[in-house]
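Enquirer: Pasting a structure here, questions to come.
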Amino acid sequence: MLSTRLGRWYRAVGTGFCFFAFGAGCLLAMPTVLPFVLLLPGSIDARRRRVRRFVSWAFRALLATIAGLGLGRVEVEGREYLEQAHGRLVLATHPTYLDVVVLLSLMPHADCVVKSALWRNPFTRLFVHRAEYISNAEPEELIQNCVRAVQTGEALVLFPEGTRSVPGEAIKFRRGAAQVAVRGDLEILPVVLHCSPPTLLKHAMFYEVPDRPWRLRVKVCAPRKLSDFLSEPALPAGVAVRRLTAALEAFFKQQLPEHEYAG
């Protein structure tokens with residue numbers, strides 16, 4: 001019992017340290033690294049790609065620190081499919097706070113939808129602005145911006161659940177991701193994330209850690225066309241969105257048990 005309490009205390013302190021170190025690193029990088037990245041020669045697109053590469057590197061450094069401290073680790077299956085992510089909609093389950101960190105660490109040039117609060121956060125606002133990630137502040141423009149990003153060759157990361165899932169409850173997809181896919185006639189790269197034991201959950205504090213190090217498994221599935229999920233062509237848009245949402249939800253539910261393990 002004592003060793004369990006000490007281990008939990010260590011992981012709570014270690015998790016807090018990682019959050020603090022990452023925030024401090026962001027503040028330090030804003031007046032030092034970011035101006036250097038932006039001042040290097042190149043087009044606007046080149047500067048955006050450089051900022052995204054730096055964000056990806058920072059996330060990899062954070063995950064390496066987490067693994068080095070023995071707090072948890074990330075395992076990736078199907079990494080080769082990430083090379084086919086460009087020009088596709090990357091749809092992923094969302095069990096933990098670290099999901100976008102993991103996915104952007106694996107895809108340095110990927111785009112993603114960022115909550116409007118992060119555009120105002122002093123630790124992140126300059127990075128999300130210079131990386132030109134998509135804001136969800138204007139719902140009427142969000143779908144259009146997402147479609148445009150993928151059609152210009154970007155890989156766009158979306159979480160169809162819209163928020164972190166709750167352990168023990170069935171996943172429930174919203175229609176936003178399906179609207180993007182249908183409106184743009186986009187191919188989908190499914191990514192299944194599963195964390196055991198659960199950690200950094202919705203409404204949980206950073207110090208609410210599990211009783212052992214966590215393992216976040218990332219399974220990247222083969223790219224799929226819309227026709228793989230919608231058997232009937234030329235459906236009305238509203239019907240296609242509803243059916244695609246249901247089909248995606250069923251597909252991901254089938255994939256999740258492959259990531260469950262004991263111990």
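The values are calculated or read from the model by the stated rules, or taken from the named source; none is laboratory data. Only a predicted model underlies this, so the values are computations on that prediction, with no experimental measurement involved. Note that we place each Cβ from the backbone using ideal geometry, even for glycine, and neighbour counts take in every protein chain shown.
Enquirer: Yes or no: the stretch 157-180 includes at least one residue that is under 20 Å from A58 (Cβ atoms) and at pLDDT 95 or above.
Expert: So far as the stretch 157-180 goes, yes, one or more of its residues are under 20 Å from A58 (Cβ atoms) and at pLDDT 95 or above.
Enquirer: Right, here's the next one. Looking at the stretch 167-195 only, could you name the residues that are over 19 Å from A246 (Cα atoms) and either small (G, A, S) or in a loop (DSSP other than H, G, I, E, B) (or both)?
Expert: Scanning the stretch 167-195 gives P167, G168.
Enquirer: So V74 fits all but one of (1) out of contact with any Lys or Arg (no Cβ under 7 Å at 6 or more places or on another chain); (2) more than 29 Å from R175 (Cα to Cα); what number is the exception?
Expert: Answer for V74: the failing condition is (2).
Enquirer: Looking only at the stretch 114-137, which residues are in contact (Cβ under 8 Å) with a residue 40 or more places away in the chain, in contact with a helix residue (DSSP H, G or I) (Cβ under 7 Å, 6 or more places away or on another chain), farther than 17 Å from L103 by Cβ and not charged (D, E, K, R)?
Expert: Correct list: F123, L126.
Enquirer: Also, quick follow-up: Test S105 against the criterion of being closer than 21 Å to A24 by Cβ, of a type outside the set (D, E, K, R) and either without any contact (Cβ under 8 Å) to a residue 12 or more places away in the chain or in contact with a Ser or Thr (Cβ under 9 Å, 6 or more places away or on another chain) (or both), and give yes or no.
Expert: Yes, satisfied.
Enquirer: If you scan the stretch 224-250, which residues turn out to be among the small types (G, A, S) and surrounded by 15 or more Cβ atoms within 10 Å (Cβ to Cβ)?
Expert: Matches in the stretch 224-250: A240, A247.
Enquirer: Let me ask something else. Could you tell me which numbered condition I171 fails, if it satisfies all but one of (1) in contact with a Lys or Arg (Cβ under 8 Å, 6 or more places away or on another chain); (2) over 30 Å from C18 (Cβ atoms)?
Expert: (2)
Enquirer: Which residues, taken from the stretch 25-83, are surrounded by fewer than 13 Cβ atoms within 10 Å (Cβ to Cβ) and basic (K, R)?
Expert: The one that is surrounded by fewer than 13 Cβ atoms within 10 Å (Cβ to Cβ) and basic (K, R): R79.
Enquirer: While we're here: Within the stretch 187-218, how many residues are surrounded by fewer than 20 Cβ atoms within 10 Å (Cβ to Cβ) and either farther than 30 Å from G68 by Cβ or in contact with an Asp or Glu (Cβ under 9 Å, 6 or more places away or on another chain) (or both)?
Expert: 6
Enquirer: Inspect all residues belonging to the stretch 138-147 and state whether any of them is more than 17 Å from W119 (Cβ to Cβ) and buried (at least 20 other Cβ atoms within 10 Å of the Cβ).
Expert: Yes, there is a match, as at least one residue in the stretch 138-147 is more than 17 Å from W119 (Cβ to Cβ) and buried (at least 20 other Cβ atoms within 10 Å of the Cβ).
Enquirer: I've got another one for you. For residues in the stretch 145-163 being of a type in the set (A, V, I, L, M) and not in a strand (DSSP E or B), which is nearest to the chain's Cα centre (by Cα)?
Expert: The selected residue is A155.
Enquirer: Here's a follow-up. If a residue has to be on the phi > 0 side of the Ramachandran plot and under 18 Å from the mean Cα position of the chain (by Cα) to count, how many in the stretch 164-202 make the cut?
Expert: Residues that pass the stated criteria total 1.
Residue-by-condition table, conditions (1) within 25 Å of M205 (Cα to Cα); (2) in a helix (DSSP H, G or I):
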site: S3; (1), (2): yes, yes
site: R8; (1), (2): yes, yes
site: R11; (1), (2): yes, yes
site: T15; (1), (2): yes, yes
site: F22; (1), (2): yes, yes
site: C26; (1), (2): yes, yes
site: P31; (1), (2): no, no
site: L34; (1), (2): no, yes
site: V37; (1), (2): no, yes
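Enquirer: Scan the stretch 1-20 residue by residue and report those that are touching a helix residue (DSSP H, G or I) at 6+ places or on another chain (Cβ under 9 Å) and of a type in the set (G, A, S).
Expert: G14, the sole residue that qualifies.
Enquirer: Condition check: touching a helix residue (DSSP H, G or I) at 6+ places or on another chain (Cβ under 7 Å) and farther than 15 Å from W214 by Cβ. Does V100 satisfy that?
Expert: no
Enquirer: Would you pick out the residues in the stretch 217-259 that are within 21 Å of the chain's Cα centre (by Cα), outside any helix (DSSP H, G or I) and not charged (D, E, K, R)?
Expert: If the condition is that a residue be within 21 Å of the chain's Cα centre (by Cα), outside any helix (DSSP H, G or I) and not charged (D, E, K, R), then V218, V220, C221, A222, P223 are the ones that fit.
Enquirer: Which of the residues spanning the stretch 106-117 are buried (at least 16 other Cβ atoms within 10 Å of the Cβ) and more than 27 Å from K225 (Cβ to Cβ)?
Expert: Listed by number, the list holds a single entry, V114.
Enquirer: Select from the stretch 42-67 the residues that are polar (S, T, N, Q) and either under 23 Å from V209 (Cα atoms) or part of a helix (DSSP H, G or I) (or both) and list them in ascending order.
Expert: Residues satisfying the conditions are S56, T65.
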